[in-house]
Structures are given as structure tokens and as C-alpha cells.
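What follows is a short report on a single structure.
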Amino acid sequence: MLKAVILIGGPQKGTRFRPLSFEVPKPLFPVAGVPMIQHHIEACAQVPGMQEILLIGFYQPDEPLTRFLEAAQQEFNLPIRYLQEFAPLGTGGGLYHFRDQILAGGPEAFFVLNADVCSDFPLSTMLDVHRHQPHPFLLLGTTANRTQSLNYGCIVENPQTHEVLHYVEKPSTFVSDIINCGIYLFSPEALKPLRDVFQRNQQDGQLCLPLGEDSSVLWPGAGTIRLEQDVFSALAGQGQIYVHLTDGIWSQIKSAGSALYASRLYLSQYQLTHPERLAKHTPEGPRIRGNVYIHPTAKVAPSAVLGPNVSIGEGVTIGEGVRLRESIVLHGATLQEHTCVLHSIVGWGSTVGRWARVEGTPSDPNPNDPRAHMDSESLFKDGKLLPAITILGCRVRIPAEVLILNSIVLPHKELSRSFTNQIIL
């Protein structure tokens, strides 16, 4: 019996995802046509012996999240539950807080997946590795170049046994080109070190209490546990943590630009996993170039040219002569006749007028470096907005014959002229 835990964070996370995260929780943002965490759930559901999937975070269980969970349970015929933290508890605190729920039924092991990663999720391979040589912690790792490795958790392994000898989260100098993917397989024994961290936090908190205050009361900060710093770094080299290296697709999804890149990776993956999701070129339909997802309810004019790497959401209207490339168009948006949208995300219910052009600048990994990943994006440099993808928030109105270039338009704005390299409040 197996279980899976998906760590979805909460509303104060994902600030780099704004203004898109104003409308839906970041884990439900559509990437390649489906909510971000549906890719995780699909991968977990395909593992033989999977009995339950738990989502842990501190979002309020609002209507979109509840509706998604109900639909996912029906589609995958698996119990999928959301466990809400009472406060942000870090990457490990929720696992310890809900340990009884995770261990109920006696699972042999459980997967732990961060919601903000894009991957082909080689979970069955990780399970085979674990069963061949069981250990409390198995981490999925990949390689990065020397410069970009500083942005991730770095792993030094024994090349023969694959034991993690040293782990440093976002080091200041080069440690290793093997980085942590945020995808794990834990045995039930893995929760014991989390208990030790909790108890140590509790003791440290009691030492800081003012004189005369009741030391038997639980210190609120004791439940905050950081898997990477408090557990992996502490236990490295003790024969408890091992790493499995993957050469499959992987990327973090921290910003809108990285969501666009992740959409490209998943659309490419659909060739193998979900070919039915990719639009086919037909004589009477729009011209399809490369990998394109079109929701069945979308209305697309036959003279439109779509792709590569385009995702069109529910109820979208695409007019005659539209050119759409490397973009995501969200639920209910309208692109009127002869608009051109490149390297952009068009928000829910937004309208782009006739002959308008909405264009951004991609920040893709270096195509000549096979170990390159998305850079951690900074929006500003020297007080100026850096070129990046263009984002139109919810219900934005772009008039006819204007240019919106490398800009972010906040929700409910009705523009009257062109903008370049600006945040439009």
C-alpha cells in the first residue's frame, strides 16, 4: 500500500506569480490545459498500489479547490483529501502535524511532491529503487550547471551507492551540480527525524520564554520544520538519505515565465502520455504548428495560426487571422480578428482588440547547455522593469491596433494606448 502527499503551500507563497494568483490558488493555475497539480495527481494515480493522495497546505478550502478535489476523485477513482495547516509549517511541518493521517492504514512508503515543480515524475522507478534498497529518504535529483546550482538544494552523493553525503540548500559557493527536484519517497521511519526536530524546536522555544511563563504550553513555532535545512542537511552522510538521478524533464514553477516554460515541457510530454490532448491539423480547422492544446469548448476561427506551445482554455474565442505562439490563453478570453499574441499569458475574461499585438520576451534556459534550467527571475534591475513575458490580468481590455510589450497589466484595467516595459496599475 502506498500514499502520496502534495505540498501546495498557501496564499502568502507564490507572490512572484501575481497577478495570476489573485484569481485562483497557484496550484490550480492551468499549465498545458489542466491545473498545475493535476499533473502530480495523474502521476501518483498511475503507481500500482496507490491508495490515497493527500494535499497539505494553508489555503482556505474555497470553492475552486473543493470543486477540483471532487472532480479529481471522480476522474482518478482515488480518495484525494485536503488537509489544512493551522499556520504555515514549512516543507516538513505539515508532514509531522498530519503524521497520523499519512500513516493510517500502514503504508509501505509515501511520496512527497512539491506542487511548484514540473516533471515527468518517475515515481514507479523511484519505488523500484526503494524496494531494492530501502532507506528512510529517497530524493529525486537532476543536474544543473555550476552557476544555476546555487539557486537550488545541492547534493553531494557517493557515486557508487548514491548515498547523500552532504546537502546544502542554496549555497553561496559551488557545492555540486546535482540538485534537489523536490520529489521524494519516504518510508514511515522518515517521520522520526521530523519528531526530533519538533521536540528540539519546542525545547528551544521554552528557553526563550519570559520568566514565570508556563513552559508546558506548546511554543507555536515548534511545528515549523524545513525538510531541506532541518532534516536533509542534518542527516546527510548518516546512511539514511539516498538520491536517484533522473534525466527526464524538470523545472520549477515559481513565476509566470516559468509556468509558460512548464507548459511547453508538458505539451511536449503529451506526445507520449496524452496524445488525445494535442490539437490535430485539419483542412477545415485552424493551422496547427507544433504542440497545441485547445479546450473542447473554445471557438477557434479556421484562419487562425496556433503554435508552437500554445494552450487555449475553456470558453475562449479566437478570431479570424489571429497569430498565437508560445502563450497561454485562459478561461473566457477573447482574441479579436488579426491579433498577434507572442510569449504572453492572457488572463481570464480578457479581450484583445482587432490588429492589436501583445508580446513578451522569453527567459528560457540556454538551449546550448543541456544542464541549464530557468533562471530565478527578478522583475526589476536598477529600478526598471526587465524584459519578460507579458501578462494580462483578469478582465483586461486591450483596444484595437495597440502594442503591449514586456508589460504586466493588473486585473480589470481598460487600456487606451500602447505600453512598453511597464507595470500598469
- Message: Under 5 Å between amide hydrogens, which residues at least 5 positions from residue 117 or on another chain qualify, with H placed 1.01 Å from N in the peptide plane?
- Response: 253
- Quick one: length gained pulling residue 158 to residue 100 fully straight, 0.36 nm per residue minus the C-alpha distance? 17.5 nm
- Query: Separation between the residue 226 and residue 289 pseudo-spin-labels, each 7 Å from Cα along Cα→Cβ, expressed in nm?
  - Reply: 4.5
- Charge dipole (debye, nearest 20) of the chain; +1 at Cβ of Lys and Arg, -1 at Cβ of Asp and Glu: 1140
- Once the in-chain neighbours fewer than 8 apart are removed, the aspartates and glutamates whose Cα is under 15 Å from residue 170 read 228, 230, 375
- With only helices counted (DSSP H, runs n ≥ 4, each -39500 (n - 2.57)), the per-residue ellipticity at 222 nm for the chain, to the nearest 500, works out to -6000 deg cm²/dmol
- Item | Alpha carbon centroid spacing (whole Å) that separates the stretch 1-76 from the stretch 276-341 | 26
- Task: DSSP loop (so not H, G, I, E, B), at most 11 other Cβ within 10 Å: list which chymotrypsin sites (Phe, Trp or Tyr not before Pro) in the stretch 70-109 pass both filters.
- Result: 86
- Phi-based couplings in Hz for the stretch 62-76 (Karplus 6.51, -1.76, 1.60; Gly and Pro marked x): 7, 4, x, 5, 4, 5, 4, 4, 4, 5, 5, 4, 5, 5, 9
- Contour minus end-to-end for residue 108 and residue 74, with contour as 0.36 nm per residue of separation and end-to-end as the Cα-Cα distance? 9.7 nm
- Taking residue 413 as the anchor, which aspartates and glutamates have their alpha carbon closer than 14 Å to its alpha carbon, excluding any fewer than eight residues away along the same chain? none
- Note on the structure: In whole µm²/s, the translational diffusion coefficient that Stokes-Einstein assigns to the chain, given a Kirkwood hydrodynamic radius over C-alpha pairs, 20 °C and 1.002 mPa s, equals 94
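Can you tell me the dipole magnitude for the stretch 314-362 around its Cα centre, using point charges on the Cβ only (Lys, Arg +1; Asp, Glu -1), in Debye to the nearest 20? Before the final figure, lay out each step's value.
Working: 4 positive and 5 negative charges, 24 e Å.
Using Cβ point charges on Lys, Arg, Asp and Glu, the stretch 314-362 gives about 120 debye.
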- Query: Given the convex hull over the Cα atoms of the stretch 257-317, what projected area results after averaging over all orientations, in nm²?
  - Reply: 4.1
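Based on the Cβ-Cβ distance from residue 42 to residue 169, what FRET efficiency comes out when R0 is 30 Å, to the nearest 0.05? Mind dumping the intermediate values first?
Details: r = 29 Å, r/R0 = 0.96.
The formula returns an efficiency of 0.55 here.
Using the Cα gyration tensor of the stretch 296-362, with a ≥ b ≥ c the square roots of its eigenvalues, what is the shape: rounded (a/c below 1.5), prolate (a/b larger than b/c) or oblate (neither)?
It is rounded, given that a/c, with a ≥ b ≥ c, falls under 1.5.
Computed from the coordinates by the stated procedures, all read-outs in this text should not be read as laboratory data. Worth saying up front: this structure is predicted, and the values here are computed from it rather than measured. Neighbour counts are summed over all protein chains in view; Cβ atoms, including those assigned to glycine, are modelled from backbone coordinates with ideal geometry.
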